[in-house]
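The values are calculated or read from the model by the stated rules, or taken from the named source; none is laboratory data. It should be emphasised that the depicted structure is a prediction, and the values quoted were computed from it without experimental measurement. Note: ideal-geometry Cβ built from the backbone for every residue, glycine included; neighbour counts use all protein chains shown. Protein only, heavy atoms only, side chains kept; ligands, DNA and RNA dropped before computing areas. Shrake-Rupley method; radii C 1.70, N 1.55, O 1.52, S 1.80 Å.
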Amino acid sequence: MRAPVSIAIVVGDDCWGGLALLAREAFAIAGTLHARNADLRAAELFRARLVAIDRAPVRSFTGPSLQPEATLADMPAPQAVIVPPYYLPLSARQPIASPLRDWLLQAHAAGAVLVGMAGGMRILAETGLLDGREVTGNLSDQRVFAQHYPEVRFSPDVPLVIDGSIISAGSVNPCLDACSYLVGHFHGDAVAHKLSRYTNPPSQPSAGHIALRNAGLKQHGDQRIRQAQEYIERCFKQDLTVEGAAQRTAMSVRNFSRRFQHAVGMPPHIYIARCRGEYAKELLARPGLSMLQVALKSGFRSEAMMRRSFCQLFGVTPAAFRAGAAQSPARYL
């Protein structure tokens, strides 16, 4: 039997204890949903532990203590590290203890996926690992990043950013999406989708789903094209064109299209259609919307355009997809 994935959730004074525990419980829920078994030990896909520099209780932001389950020394090589939000209201730089900094650098060098949640990104920024990357976080931290971490591209308007092995989430729902990403990364999309459906309200797809679906298409080295992908994922529901995306990256349409095809493996107009189609799939699996409403909410100009694009992308009509999703949701999402 495959050993559970080791996840370290770094806690310290003034961390958001609720989100630290929510992350740990999300991974336990992923296992029980997959195994259809409420026995936590029997269904264990992940072993997520609260980790601190030592075993002393830490004070969460609102006062209740959290008891670390392991020290940094106990977990020299976790497969993933989560830094939950911390309450850091001042604009002054927030240094971190050198043992924590060294441990985070060591974990990243050993291949761990690092996840920063909201204010936790300021902790990760102190390591230097965010330099040259795009991340999201609290809007209130925008001035802090501009002043103290100018090498980091801080985009607080983006709910979830997946930049290689570093994931950042801006608020509560994207934090759960980040957990779903880790579930998919280690155990596959089917397991991740079960967790996503369980933790997000049925009326609306969560903001990070499109980024999650496209994460495998961003594992290339062209930073400008990755930025374009993230821009498309944020704006596909609008009247977005290849020309507009090229202009956003300050490239000619011809050069942009060539580089996009080389990096992503598909032309940009197909990527735009893919984002719209994936979003439409989420809406089609939920009752209450007409085909025209699904099309317009997904960025298609008409129901006919959605039908044509959907068939080209997925080999099935939207109506057939909706019927199949109603009969077997696990198969179609």
> When the chain is treated as a GNM, springs tying every alpha-carbon pair under 10 Å, which of 309, 298, 91 comes out with the largest mean-square fluctuation?
Replying inline: 91
>> Once neighbouring chains are kept in place and the probe is 1.4 Å, which whole percent of the accessible area of segment 249-333 is contributed by carbon and sulfur?
In response: 55 percent
>> Within segment 19-102, what whole-number % of the accessible surface is contributed by carbon and sulfur, with the 1.4 Å probe and all protein chains included in the calculation?
In response: 55 percent
>> With +1 assigned to the C-beta of every Lys and Arg and -1 to the C-beta of every Asp and Glu, and no other charges, what is the dipole magnitude of the chain about the Cα centre in debye, to the nearest 20?
In response: 1160 debye
>> What do you get for the angle between helix 189-199 and the principal long axis of the chain? Use alpha-carbon atoms, 0 to 90 degrees, nearest ten.
In response: 80 degrees
>> Please list the three semi-axes, largest first and in whole Å, of the ellipsoid equivalent to the chain, using sqrt of 5 times the eigenvalues of its alpha carbon gyration tensor.
In response: 35, 25, 17
> Considering every pair of different Cα atoms, what Kirkwood radius, in Å, is found for segment 115-229?
Replying inline: 14.4 Å
>> Just the number: Rg to Rh for segment 231-309, Cα atoms, Kirkwood Rh, two decimals.
In response: 1.03
> Roughly how many nanometres apart are two label points built 7 Å out from the Cα toward the Cβ at residue 102 and residue 55?
Replying inline: 2.2 nm
>> What do you get for GluC sites (Glu not before Pro) in segment 90-158 restricted to DSSP loop and a cutoff of at most 11 other Cβ within 10 Å of the site's Cβ?
In response: 151
>> Given a 1.4 angstrom probe, what's the average accessible area per residue across the chain, in square angstrom?
In response: 45 Å²
> Ranked highest first by average number of other Cβ atoms within 10 Å, how do 180-193, 110-123 line up?
Replying inline: 110-123, 180-193
>> Just the number: Rg to Rh for segment 1-87, Cα atoms, Kirkwood Rh, two decimals.
In response: 1.00
> Which of these, 48, 92, 28, has the largest mean-square fluctuation under a Gaussian network model of the chain (Cα springs below 10 Å)?
Replying inline: 92
> For the chain, what is the mean residue ellipticity at 222 nm derived from helices alone (per DSSP H run of n ≥ 4: -39500 (n - 2.57); sum divided by total residues; nearest 500 deg cm²/dmol)?
Replying inline: -14000 deg cm²/dmol
> Could you give the length gained on full extension between residue 94 and residue 143, defined as 0.36 nm per residue of separation minus the Cα-Cα distance, in nm?
Replying inline: 16.3 nm
